[in-house]
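Below you'll find the structure, written out as structure tokens, and then a few comments.
The values are calculated or read from the model by the stated rules, or taken from the named source; none is laboratory data. If you're wondering where the values come from, they're calculated on a predicted model, not measured in any experiment. Glycine gets a Cβ as well: all are built from the backbone with ideal geometry, and neighbour counts include every protein chain shown. Accessible surface is based on the protein model in full, side chains and every heavy atom, while ligands, DNA and RNA are left aside. Shrake-Rupley method; radii C 1.70, N 1.55, O 1.52, S 1.80 Å.
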Amino acid sequence: MNYQEAKKLYEKHGINVDQVLEDLAKVKISLHCWQGDDVRGFLNRDQELTGGISVTGNYPGAARTPEELRQDMDKAFSMIPGKHKVNLHAIYADTNETVSWDKLEPKHYSKWVDWAKANGLGLDFNPTCFSHPNSDDGFTLSHPDPEIRKFWIEHCKASRKIGAYFGEQLGQTCVTNVWIPDGYKDVPVDRLAPRQRLKASLDEIFTEELNPAHNLDAVESKVFGIGSEAYVVGSHEFYMGYAVQKQKLLCLDAGHFHPTEVISNKLSSVSMFAPGILLHVSRPIRWDSDHVVIMDDELMDIARELVRHNLFDMTHIGLDFFDASINRVAAWVIGARNTIKAILRAMLEPVELLKQVELEKDYTSRLALVEEFKSYPFGAIWDHYCEKMGVPVRENWLTEVKTYEKEVLLKRN
Ligand code: RNT
Ligand code: ZN
């Protein structure tokens, strides 16, 4: 089916396809830089990845320098429709200086800002509270030692300032997201004290008011990590409470809940009480495995929630996965294209009609229509959108990735 025919089918249900494509072009995805080099960063390249997260695979071609990482992201963006953002971690500082992580400054990231400006990109930020000797025993902001705690508090304060600098320089709000790995491998006796320390640390980090047009703070929970199987200090309840009380953005990572618990079912509730939401769109397989995002039911349900309740103004959409077993540029392209495609699919559903039949208790029609719409020709609209936005249509991008692999990536090893 061609675009015009597909468009007509949707228009029969009152869906304005031109408007949908205009709205879709405004949706920004924050592309996580850490997919490009297996979460290594540049500050301390010899340090192994810690924090209870893990990257598997040894596909050739990982970026080794900031220049290579930016080159790879440029390539990925040339295959993703729309203007987006890049999500940096503190370990991705672009500097020759040896600088302690509690002393990081905006200047250490100025080359990222130059690049973002030149490419019309926004930037988001994350303090890196792992892969460092001061996090070796599994605790950072909730550490019992005030000296260690202080180090991480200063690192997070520095990170917020870097975020504000991004926002101010780029004229686009930066979301600075705090995630820490703190927790116990085995059943703790005192579950309260670490949480009290974490709260006190966060309070100190957030003391300085920053212009919300430049920087917004987010906090990210988790249910368990490798080495923190029994207890995670920053649990969902902890951060849900914190975000509501302190009016911070709540980050929902799709891999951070029990296997049958989904973040799509949390968005409506969180939207009522938190001032904003940060999404880490990811794909857990059996655990928080951070697989590349595919077009599965949960991705569709996340997209549907955003569309049906029009949560786009309050929700910042970021990706969070790391797969080193496939071409890393392809991983970005697949995950980002799927996320955008899922949002398009959700925008092409007859939301008003569906809400109406539900209200009328016509659950037969609800089920029938939702199921029929699953095979409506969104692919034809998607192809048209890609073409209009000047990016490869369908799997044509794969040829470009293969060429890039041969000409650039394979020469790195
Ligand atoms: C870890 C969290 C966190 C990290 C990144 C690298 O479980 O999901 O968001 O993936 O900060
Ligand atoms: Zn995450």
*Does at least one position in the range 175-185 carry a residue that is closer than 18 Å to Val270 by Cα, open to solvent by less than 50 Å² (accessible area, probe 1.4 Å) and away from ligand 1 (no atom under 16 Å from the Cβ)?*
no
*Pairs with Cβ under 6 Å, 6+ apart, first in the range 1-23 and open to solvent by 60 Å² or more (accessible area, probe 1.4 Å), second outside any loop (DSSP other than H, G, I, E, B)*: Met1/Ala380
_For Ser221, only one of the following conditions fails: (1) surrounded by fewer than 20 Cβ atoms within 10 Å (Cβ to Cβ); (2) in contact with a strand residue (DSSP E or B) (Cβ under 9 Å, 6 or more places away or on another chain); (3) hydroxyl-bearing (Ser, Thr, Tyr). What is its number?_
(1)
*asked:* For the condition over 30 Å from Gly379 (Cα atoms) and not hydroxyl-bearing (Ser, Thr, Tyr), what is the one hit in Val86, Val20, Val99?
replied: Val99
*Counting only residues that are β-branched (Val, Ile, Thr) and in contact (Cβ under 8 Å) with a residue 60 or more places away in the chain, which one in the range 76-135 is farthest from Gly390 (Cα to Cα)?*
Thr128
*Any pair with Cβ under 6 angstrom, 6 or more apart, that starts in the range 265-282 at a residue that is touching a residue at least 60 places away in the same chain (Cβ under 8 Å) and ends at one that is among the acidic types (Asp, Glu) and part of a strand (DSSP E or B)*: His280/Asp253
_Going by what's in this entry, would Pro188 be described as away from ligand 1 (no atom under 16 Å from the Cβ) and within 18 Å of Asp136 (Cβ to Cβ)?_
no
*Inside the range 237-258, can you point out the residues that are closer than 24 Å to Val187 by Cβ and surrounded by fewer than 18 Cβ atoms within 10 Å (Cβ to Cβ)?*
Glu237, Gly241, His258
*Can you spot a residue in the range 251-259 that is within 27 Å of Arg337 (Cα to Cα) and away from ligand 1 (no atom under 13 Å from the Cβ)?*
yes
*Answer yes if at least one residue in the range 238-249 is among the aliphatic types (A, V, I, L, M), within 16 Å of ligand 2 (Cβ to nearest atom) and part of a strand (DSSP E or B), and no otherwise.*
yes
*Somewhere in the range 387-399, is a residue touching a residue at least 40 places away in the same chain (Cβ under 8 Å), among the hydrophobic types (A, V, I, L, M, F, W, C) and open to solvent by less than 60 Å² (accessible area, probe 1.4 Å)?*
yes
*What number goes with the only condition from (1) at pLDDT 95 or above; (2) touching a Lys or Arg at 6+ places or on another chain (Cβ under 9 Å); (3) within 29 Å of Lys374 (Cβ to Cβ) that Pro259 does not pass?*
(1)
_Being more than 18 Å from the chain's Cα centre (by Cα), open to solvent by less than 40 Å² (accessible area, probe 1.4 Å) and within 15 Å of ligand 2 (Cβ to nearest atom): is that true of Ser228 here?_
yes
*Have a look at Asp102, Asp72, Asp94, Asp114 and point out the one that is at pLDDT 95 or above and open to solvent by 50 Å² or more (accessible area, probe 1.4 Å).*
Asp114
*Just wondering, is there one or more residues in the range 102-115 that are within 16 Å of ligand 2 (Cβ to nearest atom) and touching a Ser or Thr at 6+ places or on another chain (Cβ under 9 Å)?*
no
